[in-house]
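Asker: Let me give you the structure first, and then I'll get to my questions.
The values are calculated or read from the model by the stated rules, or taken from the named source; none is laboratory data. This one's a predicted model, so the numbers in the text were calculated from it and none came from an experiment. Here the Cβ positions follow ideal geometry from the backbone for every residue, glycine too, while neighbour counts run over all protein chains shown.
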Amino acid sequence: MSLPPNGFRRVATARGSSARAGILGTLHGEVLTPVFMPVGTQATVKAQLPQTLLDSGSQVLLANTYHLLLRPGPEVLRRLGGIHRFMSWPRAVLTDSGGFQVFSLPGACSVSEEGATFRSYVDHRTVLLSPESSISTQIAIGADVMMAFDHCVASTVDLATARAAADLTARWAMRSLKARGESPQALFGIVQGALFPDLRRECAARLAEMPFDGYAIGGLAVGEGRAEREDMCALTAELLPPDKPRYLMGVGTPLDILEAVHRGVDMFDCIIPTQVAQRGGAFTSRGYLQLRRGIHALADRPLDPDCDCPTCPRHSRAYLHHLIKVQEPLGWQLLGQHNLHFYHRLLRDVRESILADTFADLYRERRDALGVADLDNPVTRSRVRKAPPTTRGAYAVHLAPEGFASIRHVASGETMHARTPPMDEARSLYVEQSALRERLPLRTGEDPADAEALVVWDVGLGAAANAMAAIRCYEDAAAGEPLRGLRIVSFETDLDPLRLALRHHRHFPYLRHSGPATLLATGEWTSRTHAGLEWRLHEGDFADTVAQAPFAPDLVFYDFFSVATNPEAWTLSAFERLHAACAGRAVELFTYTSSTAVRAALLGAGFWVARGRPTDGRPESTIALTASAADPAAGRRHDLLGPEWLQRWRRSHARFPSDVAAGEHAAFAERILGHPQFR
């Protein structure tokens with residue numbers, strides 16, 4: 001008996017497990033679960049044709065409301081008959097509500113009871129994304145399954161922040177249901193609550209009382225470790241109605257998905273299959289393969305001997321290695337095609353084992369197999385070359401359990417980027433949030449020789465992640481359009497972190513570039529392939545030498561170790577000198593800290609201060625602006641600190657920067673209270 005649209009039927013549950021096999025009814029046919037949904041954020045799965053997606057076994061595609069709202073816009077989709085006709089896709093589509101993109105979008109965003117207000121990356125207009133506008137857009141898109149608008153925060157936030165987000169999510173869920181009206185499309189609610197079990201229980205209980213067609217587990221894979229994610233997934237899945245589908249958002253690797261199926265989840269999406277394909281990665285029955293490795297250059301053998309996808313019988317590992325090395329899009333396409341086929345086949349096998357009551361055997365077998373690397377060509381340590389020392393001066397290489405490396409200050413124990421890979425944080429916190437990519441193109445008709453170069457001050461070079469993220473951004477952008485020049489000036493007094501990271505470049509792959517080594521050797525680097533791209537080193541104590549720095553900045557990436565390790569970098573005096581060096585220009589500063597004392601020091605120095613996006617387990621970072629940059633006419637909108645922050649500052653025990661003497665507290669307080677930002 002066929003299911004009506006929006007219906008769900010459990011067909012079987014595995015013995016000794018919460019794994020389920022089911023059928024989900026949609027407006028475009030039935031979907032067999034558990035199911036993986038390839039991510040087609042902007043009405044396309046990257047590097048894949050609709051027909052190859054059908055051939056791979058894709059039953060549902062995911063598209064994103066936030067991106068489709070901005071371009072092409074709901075009116076285009078409405079006039080052209082919805083997303084299925086627009087992208088020639090005959091099967092089901094699920095749309096994310098845009099809540100995650102609001103959490104991670106480039107640039108400042110303000111969240112209120114009404115919704116999320118942000119500036120469009122397409123045309124820079126101010127946009128309000130609310131439960132009502134999110135659902136209206138999803139209706140115009142024509143998704144088979146819509147998601148309620150939610151407030152996503154990092155999984156590692158504090159209890160108060162997580163509670164506020166979960167409460168807001170529940171209130172927005174009610175508004176999403178009301179906005180749905182008589183639409184025949186399914187609507188799922190999203191459970192939030194970070195890593196707090198009681199919050200998850202409360203949020204799930206509130207949503208379960210609402211007439212949703214299914215439920216999603218949100219707020220995971222945004223900062224927590226694998227064990228924490230699995231525990232919270234199991235807890236939340238048990239709280240959801242057993243007769244409704246369960247969807248784990250944004251997860252993950254094949255092993256992640258197997259573990260989540262075991263814990264009772266039915267639906268999954270993730271960019272990983274196509275993202276790792278772009279980088280030369282492939283999931284196979286012989287383990288995870290990296291086709292960039294030279295060992296594959298002469299490998300006249302299929303990618304996966306046990307796979308019948310279109311890629312494996314036709315193309316050798318040697319050919320795929322060649323395509324990836326020369327950066328041909330076909331390599332991305334073929335590996336992506338294989339990876340999607342691998343995901344779908346895994347879940348077909350899982351479903352069959354649940355129906356046959358053999359899931360326990362498959363789970364044990366696949367859990368071991370999915371966790372290994374290349375079985376045919378394992379990576380082995382050289383017995384000849386002695387490993388370089390992992391310490392230099394005051395610093396040591398820190399290897400995180402998640403597999404990335406960062407630099408630790410030995411004496412204080414502080415590790416920069418302790419929870420997030422350095423380049424991920426550099427891109428998110430500094431490059432994306434500063435809208436660096438959008439600042440680079442020349443204006444129509446502008447001569448590159450007449451265009452003023454954009455100047456970035458990289459204050460606290462460290463292991464050069466921020467500078468390299470900016471350089472990579474420029475190099476990627478230069479492939480598409482003419483750009484103005486980019487000058488990066490890195491300030492550092494101790495170069496040991498960069499020297500140590502270069503010595504261990506295997507753990508810091510972003511340093512495999514001509515820039516860092518040249519900068520250390522000569523103090524400057526100029527790109528040979530991208531005219532106008534240059535990088536200079538400015539050695540010495542920043543506060544003492546900032547006045548002699550070459551070029552006044554447009555952007556400042558302020559990334560010293562914290563106050564506990566490097567107190568001089570966060571004083572009122574240091575920020576006053578920096579403000580003076582901005583010379584009245586429209587300058588924006590970005591830093592990872594949200595410390596009350598640091599924000600007060602920035603305000604006292606004359607900057608305007610705004611909230612930045614979450615980073616490395618912190619619910620907020622900080623953006624500082626000169627007065628001309630804070631002017632709305634400058635074209636950038638930020639979530640400036642307001643009266644509520646001022647009230648918290650008055651109650652705080654850290655109201656004053658460390659270099660403000662007790663006898664100067666009253667005068668400093670007057671400076672803060674009289675700041676034009678709070679008028």
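Asker: Got a sec? Which helices (runs of 4 or more DSSP H) wholly within the range 36-83 have at least 1 residues that are free of Cβ contacts under 8 Å to residues at least 12 places away in the same chain? Lay out the reasoning, then the answer.
Answerer: On the way: elements: 50-56, 65-70, 74-79.
Here the list reads 50-56, 74-79.
Asker: Additional query: Does A282 satisfy being in the same structural domain as A162 (by TED's automatic domain parsing) and crowded, with 19+ Cβ neighbours inside 10 Å?
Answerer: It is false that A282 is in the same structural domain as A162 (by TED's automatic domain parsing) and crowded, with 19+ Cβ neighbours inside 10 Å.
Asker: Can we say R125 is surrounded by fewer than 22 Cβ atoms within 10 Å (Cβ to Cβ), farther than 20 Å from Q101 by Cβ and either at pLDDT below 95 or among the β-branched types (V, I, T) (or both)? Write out each step before concluding.
Answerer: On the way: surrounded by fewer than 22 Cβ atoms within 10 Å (Cβ to Cβ): yes; farther than 20 Å from Q101 by Cβ: no; either at pLDDT below 95 or among the β-branched types (V, I, T) (or both): yes.
Answer is no for this residue.
Asker: Let me ask something else. Here are P310, P305, P329, P401: which of them is farther than 30 Å from V222 by Cα, outside the structural domain of A47 (by TED's automatic domain parsing) and either exposed (fewer than 13 other Cβ atoms within 10 Å of the Cβ) or modelled with pLDDT under 95 (or both)? Lay out the reasoning, then the answer.
Answerer: Working: P310 fails: either exposed (fewer than 13 other Cβ atoms within 10 Å of the Cβ) or modelled with pLDDT under 95 (or both); P329 fails: farther than 30 Å from V222 by Cα; P401 fails: farther than 30 Å from V222 by Cα.
None of the other options fit; the residue is P305.
Asker: Could you check the range 244-339 for helices (runs of 4 or more DSSP H) lying wholly inside it with 3 or more residues that are in contact with a helix residue (DSSP H, G or I) (Cβ under 7 Å, 6 or more places away or on another chain)? Outline the logic, then answer.
Answerer: On the way: elements: 254-262, 272-278, 311-314, 317-325.
The helices (runs of 4 or more DSSP H) meeting that bar are 254-262, 272-278, 317-325.
Asker: Now for a different question. Would you check if there is a residue in the range 667-676 being basic (K, R), surrounded by fewer than 22 Cβ atoms within 10 Å (Cβ to Cβ) and closer than 26 Å to T161 by Cβ? Give the derivation first.
Answerer: To start, the set of residues in the range 667-676 that are basic (K, R) comprises 671.
Narrowing further to those that are surrounded by fewer than 22 Cβ atoms within 10 Å (Cβ to Cβ): 671.
From the residues that got through so far, the ones that are closer than 26 Å to T161 by Cβ too are none.
So far as the range 667-676 goes, no, none of its residues is basic (K, R), surrounded by fewer than 22 Cβ atoms within 10 Å (Cβ to Cβ) and closer than 26 Å to T161 by Cβ.
Asker: Could you please tell me which pairs satisfy a Cβ distance under 8 Å, a separation of 6+ or placement on different chains, a first residue in the range 550-570 that is in contact (Cβ under 8 Å) with a residue 12 or more places away in the chain, and a second residue that is assigned to a loop (DSSP other than H, G, I, E, B) and among the acidic types (D, E)?
Answerer: Partner pairs satisfying both residue conditions: F561/E414; S562/E414; A564/E414; T565/E414; E568/D541.
Asker: A further question on this structure: Among the residues that make up the range 365-372, is at least one of them touching a strand residue (DSSP E or B) at 6+ places or on another chain (Cβ under 9 Å), more than 21 Å from D304 (Cα to Cα) and at pLDDT 90 or above? First the steps, then the outcome.
Answerer: Initially, the range 365-372 is screened for residues touching a strand residue (DSSP E or B) at 6+ places or on another chain (Cβ under 9 Å), giving 369-372.
Filter once more, so that each one left must be more than 21 Å from D304 (Cα to Cα): none.
No, every residue in the range 365-372 fails to be touching a strand residue (DSSP E or B) at 6+ places or on another chain (Cβ under 9 Å), more than 21 Å from D304 (Cα to Cα) and at pLDDT 90 or above.
Asker: Can I ask one more? Tell me which residues, restricted to the range 557-568, are touching a strand residue (DSSP E or B) at 6+ places or on another chain (Cβ under 8 Å) and either surrounded by 24 or more Cβ atoms within 10 Å (Cβ to Cβ) or not β-branched (V, I, T) (or both).
Answerer: Step one: filter the range 557-568 for residues touching a strand residue (DSSP E or B) at 6+ places or on another chain (Cβ under 8 Å), giving 557-561, 565.
Within the range 557-568, F557, Y558, D559, F560, F561 qualify.
Asker: Which residues, counting only those in the range 215-238, are at negative phi and either in the same structural domain as F283 (by TED's automatic domain parsing) or surrounded by 20 or more Cβ atoms within 10 Å (Cβ to Cβ) (or both)?
Answerer: Y215, A216, I217, G218, L220, V222, E224, R229, M232, C233, T236, A237
Listed here are the residues, each with its yes/no results for (1) polar (S, T, N, Q); (2) at negative phi; (3) surrounded by fewer than 18 Cβ atoms within 10 Å (Cβ to Cβ).
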{"site": "V11", "(1), (2), (3)": "no, yes, yes"}
{"site": "S18", "(1), (2), (3)": "yes, yes, yes"}
{"site": "G25", "(1), (2), (3)": "no, yes, no"}
{"site": "P38", "(1), (2), (3)": "no, yes, no"}
{"site": "Q48", "(1), (2), (3)": "yes, yes, no"}
{"site": "D96", "(1), (2), (3)": "no, yes, no"}
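Asker: Any chance you could count how many residues in the range 406-431 are outside any loop (DSSP other than H, G, I, E, B), without any contact (Cβ under 8 Å) to a residue 24 or more places away in the chain, over 25 Å from P553 (Cα atoms) and not polar (S, T, N, Q)? Explain how you work it out, then say what you get.
Answerer: At the first step, the residues of the range 406-431 found to be outside any loop (DSSP other than H, G, I, E, B) are 406-409, 415, 422-431.
Filter once more, so that each one left must be without any contact (Cβ under 8 Å) to a residue 24 or more places away in the chain: 408, 415, 424.
With the extra rule that they be over 25 Å from P553 (Cα atoms), the set shrinks to 408, 415.
Then drop every residue that is not not polar (S, T, N, Q), which leaves 408.
Matching residues across the range 406-431 total 1.
Asker: Just wondering, is there one or more residues in the range 132-139 that are without any contact (Cβ under 8 Å) to a residue 24 or more places away in the chain and either closer than 28 Å to H638 by Cβ or surrounded by fewer than 23 Cβ atoms within 10 Å (Cβ to Cβ) (or both)?
Answerer: Start the filter on the range 132-139 by keeping residues that are without any contact (Cβ under 8 Å) to a residue 24 or more places away in the chain, which leaves none.
Scanning the range 132-139 turns up no residue that is without any contact (Cβ under 8 Å) to a residue 24 or more places away in the chain and either closer than 28 Å to H638 by Cβ or surrounded by fewer than 23 Cβ atoms within 10 Å (Cβ to Cβ) (or both).
Asker: Let me ask something additional. Restricting attention to the range 13-51, which residues are aliphatic (A, V, I, L, M) and within 13 Å of D266 (Cβ to Cβ)? Lay out the reasoning, then the answer.
Answerer: Kept after step one, since they are aliphatic (A, V, I, L, M), are these residues of the range 13-51: 14, 19, 21, 23-24, 27, 31-32, 35, 37, 39, 43, 45, 47, 49.
Scanning the range 13-51 gives A14, A19, A21, I23, L24, V31, L32, V35, M37.
Asker: OK, next. State which residue is farthest from A464 (Cα to Cα) when the search covers only the range 511-547 and only residues that are among the aromatic types (F, W, Y) and in a strand (DSSP E or B). Show your work before the answer.
Answerer: If we filter the range 511-547 for residues that are among the aromatic types (F, W, Y), which is where we start, we get 525, 535, 542.
With the extra rule that they be in a strand (DSSP E or B), the set shrinks to 525, 535.
Details: W525: 13, W535: 11 Å.
Here the answer is W525.
Asker: Does the range 70-106 hold any residues that are within 19 Å of the chain's Cα centre (by Cα) and at pLDDT 95 or above, and which are they?
Answerer: T95, D96
Asker: Considering every residue within the range 432-442, establish whether at least one is over 19 Å from H530 (Cβ atoms) and in a helix (DSSP H, G or I).
Answerer: Within the range 432-442, one or more residues are over 19 Å from H530 (Cβ atoms) and in a helix (DSSP H, G or I).
Asker: Restricting to the range 318-370, what's the tally of residues that are basic (K, R) and in contact with a Pro (Cβ under 7 Å, 6 or more places away or on another chain)? Give the steps one after another, and end with the answer.
Answerer: So the first thing to find is which residues in the range 318-370 are basic (K, R), and the list is 325, 345, 348, 351, 364, 366-367.
Keeping just the survivors that are in contact with a Pro (Cβ under 7 Å, 6 or more places away or on another chain) gives 351.
So the answer is 1.
Asker: Hey, any hits in the range 504-522 for a residue that's under 23 Å from W649 (Cα atoms), over 29 Å from the mean Cα position of the chain (by Cα) and not assigned by TED's automatic domain parsing to the domain that holds T117? Let's see the steps before the verdict.
Answerer: First, the residues of the range 504-522 that are under 23 Å from W649 (Cα atoms): none.
Checking the range 504-522: not a single residue is under 23 Å from W649 (Cα atoms), over 29 Å from the mean Cα position of the chain (by Cα) and not assigned by TED's automatic domain parsing to the domain that holds T117.
Asker: Quick test of your reading of the structure: A204 fulfils all but one of (1) surrounded by 23 or more Cβ atoms within 10 Å (Cβ to Cβ); (2) among the small types (G, A, S); (3) within 24 Å of the chain's Cα centre (by Cα). Name the failing condition by number.
Answerer: (3)
Asker: Among residues belonging to the range 594-606 that are in contact with a His (Cβ under 6 Å, 6 or more places away or on another chain) and assigned to a loop (DSSP other than H, G, I, E, B), point out the one that is surrounded by the most Cβ atoms within 10 Å (Cβ to Cβ). Lay out the reasoning, then the answer.
Answerer: If we filter the range 594-606 for residues that are in contact with a His (Cβ under 6 Å, 6 or more places away or on another chain), which is where we start, we get 603, 605-606.
Filter once more, keeping what is assigned to a loop (DSSP other than H, G, I, E, B): 605-606.
Details: A605: 20, G606: 18.
The residue in question is A605.
Asker: Sort out which residues of the range 144-160 are closer than 18 Å to R206 by Cβ and in contact (Cβ under 8 Å) with a residue 60 or more places away in the chain, and write them in order of number.
Answerer: M147, A148, D150, C152, V153
Asker: Run M147 past the list (1) surrounded by 20 or more Cβ atoms within 10 Å (Cβ to Cβ); (2) within 28 Å of R229 (Cα to Cα); (3) more than 22 Å from the chain's Cα centre (by Cα); (4) of a type outside the set (S, T, Y) and report the number of the one that doesn't hold.
Answerer: Condition (3) is where M147 drops out.
Asker: Being under 23 Å from V93 (Cα atoms), modelled with pLDDT under 95 and crowded, with 20+ Cβ neighbours inside 10 Å is true for just one of C109, C152. Which residue is that? Please lay out each step first, then the result.
Answerer: Numbers: C109 fails: under 23 Å from V93 (Cα atoms).
Sole residue among the options that is under 23 Å from V93 (Cα atoms), modelled with pLDDT under 95 and crowded, with 20+ Cβ neighbours inside 10 Å: C152.
Asker: Here's a follow-up. Quick test for you: out of R611, R650, pick the one residue that is assigned by TED's automatic domain parsing to the domain that holds R427 and surrounded by fewer than 18 Cβ atoms within 10 Å (Cβ to Cβ).
Answerer: On the way: R611 fails: surrounded by fewer than 18 Cβ atoms within 10 Å (Cβ to Cβ).
From the options R611, R650, the qualifying one is R650.
Asker: OK, next. With the condition kept exactly as written, say whether any residue in the range 79-99 is closer than 23 Å to I623 by Cα and not basic (K, R). It would help to see each step written out before you state the result.
Answerer: Our first condition is that a residue be closer than 23 Å to I623 by Cα; within the range 79-99, this holds for 99.
Now restrict to residues that are not basic (K, R): 99.
Yes.
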